[in-house]
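Shown next, in structure tokens, is the structure this report addresses.
The values are calculated or read from the model by the stated rules, or taken from the named source; none is laboratory data. Please read all numbers here as calculations on a predicted model, not as lab measurements. Here the Cβ is made from the backbone with ideal geometry for all residues, glycine too, and neighbour counts use every protein chain on show. For the accessible areas, the whole protein counts, side chains as well, though only heavy atoms, and no ligand, DNA or RNA atoms are used. Shrake-Rupley method; radii C 1.70, N 1.55, O 1.52, S 1.80 Å.
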Amino acid sequence: MSVKVKLNRNPIQVYSDKFMKPVYFTPGPSELFYTVPDHLKKGLREHIFSINHRSSRFREIVAETKSNLTELFQLPDGYRMAFVSSASEVWERIVLNLVEENAGFIVNGYFSERFANIAEQWGRNTERYDVNHGTCADIDKIQFSDGVEVIGITHNETSTGATHPLDEIYKLRDKYPDSLIAVDIVSSAPVYDIDFDKIDTAYFSVQKGFGLPAGLGVWIYNQRCLDKTLEMEKRGVMTGSYHKLSRLTEQIDHDQTASTPNMMGIYLLGKVAGDMLEKGIDMIRRESRYKAALTYEAFEKNPHMDTFVKEQNYRSQTTMVASLEKSKEWIAQLEGKGIIVGNGYGLYKELQIRIANFPTHSKEQFERLSDELLKLD
Ligand SMILES: *Cc1c(COP(=O)(O)O)cnc(C)c1O
């Protein structure tokens with residue numbers, strides 16, 4: 001007798017094959033990293049989510065997560081990371097802690113725009129460099145004022161599937177040596193190999209490439225960021241309270257957090273980063289290129305769809321976006337086969353599908369997805 005089917009009140013979970021496990025190709029929240037269930041069980045068994053967050057046991061967990069992420073990202077000396085609630089929180093923290101007056105933002109989609117809006121809402125002078133959705137900025141053409149304290153750029157625009165080539169992002173440092181370069185790596189980490197020496201701060205949420213339950217943001221920053229905020233504080237500028245950068249730093253330097261943190265998230269993140277190291281980040285990157293290529297090939301081969309991002313060089317490996325005729329119908333059709341893809345973002349809601357290609361997704365899952373994409377007509 002199958003009790004499971006009886007309890008299924010969510011129509012999304014009724015598949016043509018009712019024993020089929022759905023795969024979430026949605027760009028966040030997404031499919032959980034495949035080791036998460038085991039780590040969760042172990043965490044429960046060991047009471048990790050009940051222990052005191054100031055205990056030495058929990059500090060060891062924080063230290064392990066820091067260490068595994070430092071290795072995974074190959075963070076240079078002098079870069080730190082703080083644990084906050086989300087990437088959205090980091091947008092606001094960057095504005096409060098690192099921008100006294102002027103900031104510049106490269107806007108090529110909804111997420112990059114939101115960062116600029118937050119700076120505006122806090123009354124900062126905001127310079128925007130806008131390019132069309134589905135494209136990226138040519139850094140040589142940007143003309144921010146010399147006094148911009150922070151330049152915000154989104155590596156992978158999850159709303160459009162456009163990725164700034166890293167060499168373009170690195171040009172910002174040469175062009176604006178006095179500005180802090182802030183890079184949104186929410187939906188590209190840890191798949192792309194970023195040279196952190198060429199940027200000052202980056203941030204991500206865990207429900208995208210790391211395949212964890214949402215509710216944890218990681219803010220990576222260097223000494224330049226810390227110096228800047230300390231200098232502002234010295235002059236009496238209000239940079240925030242419990243989560244201001246100086247306080248986050250004091251705490252994290254002792255493997256502590258400023259408030260009772262998302263202990264489950266920090267624990268799972270350290271474990272999953274460890275699993276990724278064990279698998280090998282190079283292998284993850286190779287597989288990612290293969291899975292992306294399969295998907296773009298399907299977009300091109302199916303006469304009813306098209307890749308939204310025209311320029312090859314800007315096409316994302318981690319969120320592939322297709323323009324198509326019948327997005328709603330096709331999303332439902334795929335869902336019936338246990339393939340959950342994302343709809344379009346904002347204006348494109350019913351005109352596109354978005355497919356996440358994160359480290360948890362296997363080559364076999366992508367081969368199946370690609371077959372099903374080719375069948376849509
Ligand atoms: C999802 C996303 C965010 C926001 O993440 P939250 O966890 O919702 O704060 C920011 N930037 C990009 C590029 C994203 O994909």
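Listed values, structure above:
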item: For Pro76: the one exception among (1) under 26 Å from Cys225 (Cα atoms); (2) part of a helix (DSSP H, G or I); (3) not charged (D, E, K, R); result: (2)
item: Count of residues meeting criterion [part of a loop (DSSP other than H, G, I, E, B) and in contact with a helix residue (DSSP H, G or I) (Cβ under 7 Å, 6 or more places away or on another chain)] in region 38-73; result: 5
item: Where Phe83 falls short, out of the listed (1) within 16 Å of the ligand (Cβ to nearest atom); (2) touching a strand residue (DSSP E or B) at 6+ places or on another chain (Cβ under 7 Å); (3) closer than 21 Å to Asn156 by Cβ; result: (3)
item: Residues being in contact (Cβ under 8 Å) with a residue 60 or more places away in the chain and in contact with a Gly (Cβ under 7 Å, 6 or more places away or on another chain) - total across region 316-346; result: 5
item: Counted residues, region 122-160 - those being surrounded by fewer than 19 Cβ atoms within 10 Å (Cβ to Cβ) and of a type in the set (A, V, I, L, M); result: 2
item: Criterion (free of Cβ contacts under 8 Å to residues at least 60 places away in the same chain and closer than 15 Å to Phe204 by Cβ) met by exactly one of Thr65, Thr70; result: Thr70
item: Hits in region 62-109 (condition: closer than 30 Å to Tyr348 by Cβ, open to solvent by 50 Å² or more (accessible area, probe 1.4 Å) and of a type outside the set (Gly, Ala, Ser)); result: Glu92
item: Filter result for Ala119 (closer than 26 Å to Lys310 by Cα, at pLDDT 95 or above and hydrophobic (A, V, I, L, M, F, W, C)); result: no
item: Members of region 117-133 found to be over 22 Å from the mean Cα position of the chain (by Cα) and more than 16 Å from Ser145 (Cα to Cα), listed by number; result: Glu120, Gln121, Trp122, Gly123
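Let's see how each residue does on (1) under 28 Å from Ala273 (Cα atoms); (2) at pLDDT 95 or above:
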position: Val62; (1), (2): yes, yes
position: Arg80; (1), (2): yes, yes
position: Glu89; (1), (2): yes, yes
position: Ile94; (1), (2): yes, yes
position: Val131; (1), (2): no, yes
position: Asp138; (1), (2): no, yes
position: Asp146; (1), (2): no, no
